[in-house]
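Working notes for the structure below.
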Amino acid sequence: MQTRLRPATPEDFAFAFEAKREALGPHIRARWAWNEDFQREIHGQRWQERPWFIIEIDGLPIGTLSVEEHADHMRFGEFYLLPAWQGRGIGSDLLRATLRRADELALPVRLEYLQWNPVGSLYLRHGFKQVSESATHFFLVREPGTAYPQD
């Protein structure tokens, strides 16, 4: 199986929203009702604000990711794997690739996630540290050169 990222096109919007609904939806529904219109509006805003990539395995779309390179940091987000592809090491591989790039550029990586989303354990294993929180989210940073699992 070959994993690759390809830039998202406008035609990928529906898939990207479905990936969000399937991957993040259960964690949203753990606290609130899923409001389709509200979630689609937020998704549309993020779609316009950030560069999106479609995660593919052998040409099959299995998720989304947004990685932004800024002058003083990288941002890792909009990371949604369809449930059938979770727990297979794909997320770890993509995260490690981003961290290698950040280390090459000597940039910290920033991200955020819902406090009750178990994805946090992935980030902590990869050297991220919590720097703040809101009522709903943890905000993390991983400094360049921080050790992370290689396997």
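Quick look at the values:
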| item | result |
| --- | --- |
| Of GLU69, GLU22, GLU41, the one that fluctuates the most in a GNM where the chain has Cα springs shorter than 10 Å | GLU41 |
| Chymotrypsin sites (Phe, Trp or Tyr not before Pro), loop per DSSP, at most 15 other Cβ atoms within 10 Å - longest free stretch of the chain | 35-115 |
| Whole-Hz couplings from phi, Karplus 6.51/-1.76/1.60, listed for the range 68-76; x for Gly and Pro | 10, 9, 10, 5, 10, 5, 10, 10, 10 |
| Neighbourhood net charge (11 Å Cβ-Cβ; Lys/Arg +1, Asp/Glu -1) for HIS73 | -1 |
| Per residue, the convex hull volume that the Cα atoms of the chain enclose (Å³) | 116 Å³ |
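All of the numbers you see were taken from the coordinates with simple rules; none came from a lab. Since this is a predicted model, take the numbers as computed values, not measurements. Neighbour counts run over all protein chains shown; Cβ positions are idealised from the backbone, glycine included.
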